[in-house]
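The values are calculated or read from the model by the stated rules, or taken from the named source; none is laboratory data. None of these values were measured; they are calculated from a predicted model. So basically every Cβ, Gly included, is an ideal-geometry build from the backbone, and we count neighbours across all protein chains shown. When the accessible area is computed, the model is the full protein with side chains, heavy atoms only, and any ligands, DNA or RNA have been set aside. Shrake-Rupley method; radii C 1.70, N 1.55, O 1.52, S 1.80 Å.
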Amino acid sequence: MNKKSLFLMILLFLCIDVYCLSPEEEYDFLIKDLYNYSTHAYKRTFDFEKDKSEGIINLSQGNVQVTNLYLDIAILSNGFFKVKDEQGNVYYTRFGELRYDSESCSLYILVGNSKFFLDLKPLPKYVFVSDQIRIRRDGSVECVIPEEKSNGNDGLIKSMSGMFELKNGLSGKTGIDDERIDEIIKEQKKEEKKEIIDKIILYNIEETDIDFYDGYLIKTKNSPDVISTPHFEIGVLEMSNVLIDKVLIRMLFVIEKLDDSKIKQKEIKKYLIQKMLDPDFIRVKLFGYFYEEHPNLNDISGLKEYVHFLERAYE
């Protein structure tokens, strides 16, 4: 064997050693996938083609869940939008449960107790409720312009209060006919004008460019490129792309590789995983359905009660 071949073999061995996870590292990534099954837009590390996790984020599209809320958006196909925390740090996300902050006139997402603001111009001062905001499929942010910008609906109600007073026959006091005013407001909204304020920009992020990812937010090593034709779906949220059964089966194999010093109560964990893979257990304990032909797989609240038992240090 010549020196060149020997060098290549050593280099290959080193590369394999660097990029292959130890059993305990893979197990921790699998646990993270399970914990985030119900996290909207979470991206798994489990590789379906290799039937294992190598710790590399898989950016494939998750299913969508219909909410019919104006500020719930899902990115179809590729892309992430930019957000900033209150210190100005930049992150990227696909988590599309948007909220409106009336003090800063900004759209944001809430992760834990922290706000992360979309990279958009401040919305006009006349926007005082989220119902005045619309996100279009191309990412355009549109605001409804009320007829009386200064007072909003409060001013409208005050101006109409004299027209729709009701007298209480018992007390003699007057009140406002709320139902009639609601009808007037709805009719007025049909005639309200709208204006486009800004546009949500999507960025192309590759798996290899991810520097940090906590399930909601990504930090990149470099500034990503802009996607020229963004595509959003409105009134829906993207679900995670995790498949529970695949992750659980892999965990059984990994447990067998782990030394007793690296994982506590191996046999109990194996027993629990096998129970979690049982169709009746999944239907009754995890999804809350007894005999549904097509259970709602988005409802996975029961899983959280069991995942922490599978942590390596739990005994």
Review point. Among the listed residues TYR42, TYR70, which satisfies the condition of being more than 13 Å from the chain's Cα centre (by Cα) and not aliphatic (A, V, I, L, M)?
Key: TYR70
Point to revise | Among residues of segment 73-96, those that are surrounded by 14 or more Cβ atoms within 10 Å (Cβ to Cβ), more than 21 Å from THR229 (Cα to Cα) and not β-branched (Val, Ile, Thr), counted | key: 2
Exercise for review: Taking the options ILE205, ILE244, ILE181, ILE176, name whichever one is under 27 Å from GLY112 (Cβ atoms) and modelled with pLDDT under 90.
Suggested key: ILE244
Check your understanding: With LYS82, LYS121, LYS115 as the choices, which residue is part of a strand (DSSP E or B), of a type in the set (D, E, K, R), touching a residue at least 60 places away in the same chain (Cβ under 8 Å) and in contact with a strand residue (DSSP E or B) (Cβ under 8 Å, 6 or more places away or on another chain)?
Key -> LYS82
Review point. Can we say LYS193 is touching a residue at least 12 places away in the same chain (Cβ under 8 Å), of a type in the set (D, E, K, R) and surrounded by fewer than 14 Cβ atoms within 10 Å (Cβ to Cβ)?
Key: yes
Practice item. Could you tell me whether any residue of segment 253-263 is open to solvent by less than 80 Å² (accessible area, probe 1.4 Å), under 16 Å from VAL83 (Cβ atoms), in contact with a Phe, Trp or Tyr (Cβ under 9 Å, 6 or more places away or on another chain) and of a type outside the set (S, T, N, Q)? Key: no
Practice item. Go through the residues of segment 128-146 one by one and say whether even a single one is under 30 Å from GLU54 (Cα atoms), crowded, with 16+ Cβ neighbours inside 10 Å and modelled with pLDDT of 65 or more. Key: no
Check your understanding: Does VAL236 satisfy being surrounded by 14 or more Cβ atoms within 10 Å (Cβ to Cβ) and modelled with pLDDT of 85 or more?
Key -> yes
Exercise for review: For residues that are among the basic types (Lys, Arg) and farther than 24 Å from VAL226 by Cβ, scanning just segment 40-72, find the one that is most open to solvent (accessible area, probe 1.4 Å).
Suggested key: LYS50
Review point. Can you tell me how many residues in segment 191-222 are under 19 Å from GLU238 (Cα atoms), in contact with a strand residue (DSSP E or B) (Cβ under 7 Å, 6 or more places away or on another chain) and part of a strand (DSSP E or B)?
Key: 4
